[in-house]
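The values are calculated or read from the model by the stated rules, or taken from the named source; none is laboratory data. What you see is a predicted model; the values in this text were computed from it and never measured. Here the Cβ is made from the backbone with ideal geometry for all residues, glycine too, and neighbour counts use every protein chain on show.
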Amino acid sequence: MYSNDKLVLQLLSLLRQFGINQIVVSPGSRHFSLVHSLEQCEDFELYSVVDERSAAFFAIGLIQRTGRPAAVCCSSGTACMNYGSAIVEAYYQRLPLLVISSDRLPQFLNQMEDQMYDQASTFTSCTKYVGRLTPISSDLDFWYNNRIINEGLIELTHHSNGPVHLNIPFLSHHTDTFTNTHIPVARKVELYSAESSSETWAKIANLLKGKKICIVWGQSVCITAGLKEAVDKFVENFDAIILTDLLSNCHCKHTIANTGATLYSLTNEEKRDFKPDIVFSIGANILFNGEIKGFLGDIENWQIGKYDKISDPFRSLTKIFEMSELMFFNMINNIADFKVSGNFAHSWMSVSNIAYKTISEYSEAMVIGALIKALPADSDLQLANSYSVRMAHLFPVPDSVTVNCNRGVNGIDGSMSTAIGFSAINSRKTFYITGDLSFYYDLNSLSIRHITPNLRILLINNGGGGVMYSPLSEELRKSVSEHVCAFHTHKAHEIAKAFGFKYFAIRNESEISHGIELLTAESDHPVLVEAFSNIPVDTKVLSNYYKSMNRQHYTISQRIIMKGKRILGGLLPQKN
C-alpha cells in the first residue's frame, strides 16, 4: 500500500514518469512516508547507504555508469548537509543528481526544533534549481507542488545537466496512513526543443486534429512578416482564434484585441460552445488576465517560445515548446496533412465585432475613444497603466499604430518617462494617454531635456484614482476619497507652460474635437491636452457600457437570428 499523503503520491508519480528509478536512501524517520511508498513500487530500484556523504557519491557512480539521472533521499537535519561535497562535484561534472531532503514545516524554523535548519537554502549556489515544496491542504497547494516538481525534474537535464534539490516538509513522520493501492497519475509537463524528431512532431500535429484551438498572445513578441505569415496559415488551417490585447501588436488573422469586452459579451450558451480544447500561450503578460484565466483555466495549455522560466498561468500546462514561435508554427504547418473545418473562429469574431459600442455621454472614455479614432496612420501609442490602458481597449486601433504599456508588473510609475524615451528617438508622432495620478507620479519626467515636438500627451484628469473607486460599493465610496483614491484638485495648465508644451483643456463634449485636432496636427512644440471629467460619472458611464454588452437578456428570437448569422457566416469566405 502507498501513502495517503498527496505530496508523496505526486512525487512518486512524476519520478516514475520522468524515468528516475534509481534512488539511494539513507536511514531516518522524517522521510518514512516517502521511503515506505518507494519500497512498495517495483518501478524503483532502491539502494541503502547509511552515510549521506557516501550515498550521494554512490549516486554519482550510478549516473556515470548509466548516463541517466539518479536520486538521493534523506531525513532532516545534518543528514542533508552531508550531501554537500557530492552536490558540488555533480555541479561541476554536470551530472543530473536529484537531492530529495525531508524537512520539518517552515513555520518551525528557528523555534528550537530538533533536526532543523534552513535546508532549502543550503545548496542554492551549486544546484540548477531548488524546489521548496509544501504540505498539500488545498487545490492551490496541489497545483503548486506539481509545478515545482515538474520544474525541478525538467531542470535536471535542461540545456546542460546538473543537480537539483527538492525539499519536502512533513508535519509528522508517524501519523501517515497507507491505504492507496496505486499511484495516481500526476500531470507531467513535457519539454520539446528544436531538436525534437520528425516523428515527435507528427504526433504533436496529430494531437490537434479535430480540436478547437485558442492562442492567447501576450505582449513582448516581435511579430515579423515571416511569423505573421506562418500564424495566418495556421489559424486558417486549424480554424483557430487568437485572444490578445493591443499591447501584443498582433494583427494576424482571426485576432481579437478587445478580449475583455468579448468575453463579457458571451451568453451562457456561447461560453459553453466557444470553449477551446487546447490553449497556446505566447508572449508575456496579457491585460485581461483575470477574465482570460477565468474562462480558460481548466483547459490544456501549451507554452510556446524561448523563455527562461516555466509559466503555468492557467494551471493546466502540459507541453513546453522551447523554440521560436516561427519554428513552432512552421513545423506544424509543414507536417499537418489535414485541415480543421468549422465555425469556431468566425463565431468568436462575430461576438468581438458587436462588442465595440459607442460612448454617448461625456466622460474619460468618450475622450479616449475620440483620440484613438483620430490616430494618424503610422503613429505610436503609449499607455499609462490602470484605467488608461483598459479604456483604450474599448475602441479599435489601426493596425499601423504600435501600442506599448509597462504592463510587465503593472505599476503606475514611470509610464510617462517611458513615453518620452520612446518619442526621443522616434520620427513618428508618439501619443501618450495617462490618468492624473500616473501623470503627477512621474511629473519629474517633463524636465527631461530630450522631449521632442512629436510627443503628444492626453491627460485624463478626473481628480483621483478611478480604478480604486469603481469596484467599491456606494457606501464604501463615501470614505475612500483621501487615502485610497487620492482625490485632488490639481490642474496641469501651469505645468505645461513651464515645460514648453502647447496646452488645451477639454471640459465638455463640444471641446473634444478641438483638443483632438491640436493633438494630431503638426506642431513645433510638444502638446498636452487635459480632459477634465468626474469619477462618479466616469464610473457610471463605464458600468452602463458593460451592461450594454450583456447579451444574456436578449430575447429567444434575437438569439436565434444571431446564431443563424454566425452559422451562415461561417459557410462564406472570410477576409480575416
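Just one of SER341, SER363, SER415 is within 30 Å of ALA202 (Cβ to Cβ), in contact with an Asp or Glu (Cβ under 8 Å, 6 or more places away or on another chain) and not aliphatic (A, V, I, L, M); which is it?
Values: SER363 fails: within 30 Å of ALA202 (Cβ to Cβ); SER415 fails: within 30 Å of ALA202 (Cβ to Cβ).
Result: SER341 is the single residue among SER341, SER363, SER415 that is within 30 Å of ALA202 (Cβ to Cβ), in contact with an Asp or Glu (Cβ under 8 Å, 6 or more places away or on another chain) and not aliphatic (A, V, I, L, M).
Could you tell me which residue of segment 405-415 is farthest from the chain's Cα centre (by Cα), considering only residues that are crowded, with 18+ Cβ neighbours inside 10 Å and free of Cβ contacts under 8 Å to residues at least 40 places away in the same chain? I'd like the intermediate steps shown before the answer.
Going through segment 405-415, the residues crowded, with 18+ Cβ neighbours inside 10 Å turn out to be 405-407, 412, 415.
Now restrict to residues that are free of Cβ contacts under 8 Å to residues at least 40 places away in the same chain: 406, 412, 415.
Values: ASN406: 14, ILE412: 19, SER415: 21 Å.
Result: SER415.
With closer than 26 Å to ASN146 by Cβ, part of a helix (DSSP H, G or I) and assigned by TED's automatic domain parsing to the domain that holds ILE149 as the only criterion, which of SER37, SER54, SER76 stands out?
On the way: SER54 fails: closer than 26 Å to ASN146 by Cβ; SER76 fails: part of a helix (DSSP H, G or I).
Checking each option against the conditions leaves just SER37.
For the subset of segment 139-170 comprising residues that are among the aliphatic types (A, V, I, L, M) and not in a loop (DSSP other than H, G, I, E, B), which member is farthest from GLU190 (Cα to Cα)? Walk me through how you get there before you give the answer.
Residues of segment 139-170 that are among the aliphatic types (A, V, I, L, M), as a first pass: 140, 148-149, 153-154, 156, 164, 166, 168.
Subset that is not in a loop (DSSP other than H, G, I, E, B): 140, 148-149, 153-154, 164, 166, 168.
Details: LEU140: 21, ILE148: 14, ILE149: 13, LEU153: 11, ILE154: 8, VAL164: 18, LEU166: 19, ILE168: 23 Å.
For segment 139-170, the residue satisfying everything is ILE168.
So which helices (runs of 4 or more DSSP H) stay within segment 322-379 end to end and still have 2 or more residues that are of a type in the set (S, T, N, Q)? Working first, answer last.
Numbers: elements: 325-335, 344-355, 364-374.
By residue number, 325-335, 344-355.
Does segment 84-109 hold any residues that are within 33 Å of the chain's Cα centre (by Cα) and aromatic (Phe, Trp, Tyr), and which are they?
Result: TYR91, single match.
Within the set of pairs 6 or more residues apart or between chains, which connect a residue that is farther than 17 Å from LEU153 by Cβ inside segment 306-318 to a residue that is in a loop (DSSP other than H, G, I, E, B) and at pLDDT 95 or above with Cβ atoms less than 9 Å apart?
From residues that are farther than 17 Å from LEU153 by Cβ, the pairs are LYS306/MET323; LYS306/SER324; PHE314/ILE299; SER316/ARG187; SER316/ILE299.
When you check TYR83 against the structure, is it assigned by TED's automatic domain parsing to the domain that holds VAL164, farther than 17 Å from LEU153 by Cα, of a type in the set (Phe, Trp, Tyr) and in contact with a Lys or Arg (Cβ under 8 Å, 6 or more places away or on another chain), yes or no?
So TYR83 passes the test.
Assess whether GLU291 counts as being out of contact with any strand residue (DSSP E or B) (no Cβ under 6 Å at 6 or more places or on another chain) and modelled with pLDDT under 95. Quick ask: steps written out before the conclusion?
Numbers: out of contact with any strand residue (DSSP E or B) (no Cβ under 6 Å at 6 or more places or on another chain): yes; modelled with pLDDT under 95: yes.
Spelling it out, GLU291 is indeed out of contact with any strand residue (DSSP E or B) (no Cβ under 6 Å at 6 or more places or on another chain) and modelled with pLDDT under 95.
For (1) at pLDDT below 95; (2) within 24 Å of the chain's Cα centre (by Cα), each residue gets a yes or a no:
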| residue | (1), (2) |
| --- | --- |
| SER360 | yes, no |
| ASP378 | yes, no |
| VAL389 | yes, yes |
| ASP399 | yes, yes |
| ASN426 | no, no |
| PHE439 | yes, no |
| ILE451 | no, no |
| GLY463 | yes, no |
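I need the full set of residues from segment 175-200 which are in a helix (DSSP H, G or I) and within 18 Å of GLU300 (Cβ to Cβ), in order please. Before you say what the answer is, go through the steps one by one.
Of all residues in segment 175-200, those in a helix (DSSP H, G or I) come to 198-200.
THR200 - this is the single residue of segment 175-200 that is in a helix (DSSP H, G or I) and within 18 Å of GLU300 (Cβ to Cβ).
Regarding GLU42, is this residue surrounded by 22 or more Cβ atoms within 10 Å (Cβ to Cβ), free of Cβ contacts under 8 Å to residues at least 40 places away in the same chain, more than 27 Å from SER138 (Cβ to Cβ) and not hydroxyl-bearing (Ser, Thr, Tyr)? Break it down stepwise before answering.
Working: surrounded by 22 or more Cβ atoms within 10 Å (Cβ to Cβ): no; free of Cβ contacts under 8 Å to residues at least 40 places away in the same chain: yes; more than 27 Å from SER138 (Cβ to Cβ): yes; not hydroxyl-bearing (Ser, Thr, Tyr): yes.
Criteria not met by GLU42.
Residues of segment 335-359 being touching a helix residue (DSSP H, G or I) at 6+ places or on another chain (Cβ under 7 Å), among the polar types (S, T, N, Q) and closer than 30 Å to THR539 by Cβ, which ones?
The answer is SER350, SER352.
Condition check ((1) in the same structural domain as VAL24 (by TED's automatic domain parsing); (2) touching a residue at least 40 places away in the same chain (Cβ under 8 Å); (3) more than 15 Å from LEU15 (Cα to Cα); (4) aliphatic (A, V, I, L, M)) across all residues:
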position: GLU113; (1), (2), (3), (4): yes, no, yes, no
position: ALA120; (1), (2), (3), (4): yes, yes, yes, yes
position: LEU140; (1), (2), (3), (4): yes, no, yes, yes
position: ASN146; (1), (2), (3), (4): yes, yes, no, no
position: LEU166; (1), (2), (3), (4): yes, yes, no, yes
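Only one of these is assigned by TED's automatic domain parsing to the domain that holds ALA486, out of contact with any Gly (no Cβ under 6 Å at 6 or more places or on another chain), without any contact (Cβ under 8 Å) to a residue 60 or more places away in the chain and within 21 Å of ILE516 (Cβ to Cβ): THR452, THR434, THR418. Name it. Explain how you work it out, then say what you get.
Values: THR452 fails: without any contact (Cβ under 8 Å) to a residue 60 or more places away in the chain; THR418 fails: within 21 Å of ILE516 (Cβ to Cβ).
Only one candidate passes the filter, namely THR434.
Hey, can you tell me all the residues within segment 248-301 that are assigned to a loop (DSSP other than H, G, I, E, B) and of a type in the set (S, T, N, Q)? Please lay out each step first, then the result.
Keep residues of segment 248-301 that are assigned to a loop (DSSP other than H, G, I, E, B), which gives 249-254, 257-258, 266-267, 274-277, 283-288, 297-299.
Selection gives ASN249, ASN258, THR267, ASN285.
Restricting attention to segment 149-163, report how many residues are buried (at least 18 other Cβ atoms within 10 Å of the Cβ) and either free of Cβ contacts under 8 Å to residues at least 40 places away in the same chain or outside the structural domain of LEU12 (by TED's automatic domain parsing) (or both). Write out each step before concluding.
In the first step, residues of segment 149-163 are kept if they are buried (at least 18 other Cβ atoms within 10 Å of the Cβ); the result is 149-156, 158, 161-163.
Right, trim to either free of Cβ contacts under 8 Å to residues at least 40 places away in the same chain or outside the structural domain of LEU12 (by TED's automatic domain parsing) (or both) and you get 155, 158.
Counting residues in segment 149-163 that are buried (at least 18 other Cβ atoms within 10 Å of the Cβ) and either free of Cβ contacts under 8 Å to residues at least 40 places away in the same chain or outside the structural domain of LEU12 (by TED's automatic domain parsing) (or both) gives 2.
Would you say GLN64 is at pLDDT 95 or above, surrounded by fewer than 17 Cβ atoms within 10 Å (Cβ to Cβ) and more than 31 Å from the chain's Cα centre (by Cα)?
Values: at pLDDT 95 or above: yes; surrounded by fewer than 17 Cβ atoms within 10 Å (Cβ to Cβ): yes; more than 31 Å from the chain's Cα centre (by Cα): yes.
For GLN64, the condition - at pLDDT 95 or above, surrounded by fewer than 17 Cβ atoms within 10 Å (Cβ to Cβ) and more than 31 Å from the chain's Cα centre (by Cα) - is met.
How many residues, within segment 230-247, are among the hydrophobic types (A, V, I, L, M, F, W, C) and assigned to a helix (DSSP H, G or I)? Walk me through how you get there before you give the answer.
Restricting attention to segment 230-247, the residues satisfying the condition of being among the hydrophobic types (A, V, I, L, M, F, W, C) are 230-231, 234-235, 238, 240-243, 246-247.
Narrowing the set further to residues that are assigned to a helix (DSSP H, G or I) leaves 230-231, 234-235, 238, 246-247.
Summing the residues that are among the hydrophobic types (A, V, I, L, M, F, W, C) and assigned to a helix (DSSP H, G or I) in segment 230-247 gives 7.
Search segment 340-392 for residues being acidic (Asp, Glu) and touching a strand residue (DSSP E or B) at 6+ places or on another chain (Cβ under 7 Å), and hand back the single one that is farthest from ARG507 (Cα to Cα). Can you show your working first?
Here is the first cut: in segment 340-392, the ones acidic (Asp, Glu) are 361, 364, 378, 380.
Right, trim to touching a strand residue (DSSP E or B) at 6+ places or on another chain (Cβ under 7 Å) and you get 364, 380.
On the way: GLU364: 10, ASP380: 26 Å.
Step by step, filter segment 340-392, then rank; the result is ASP380.
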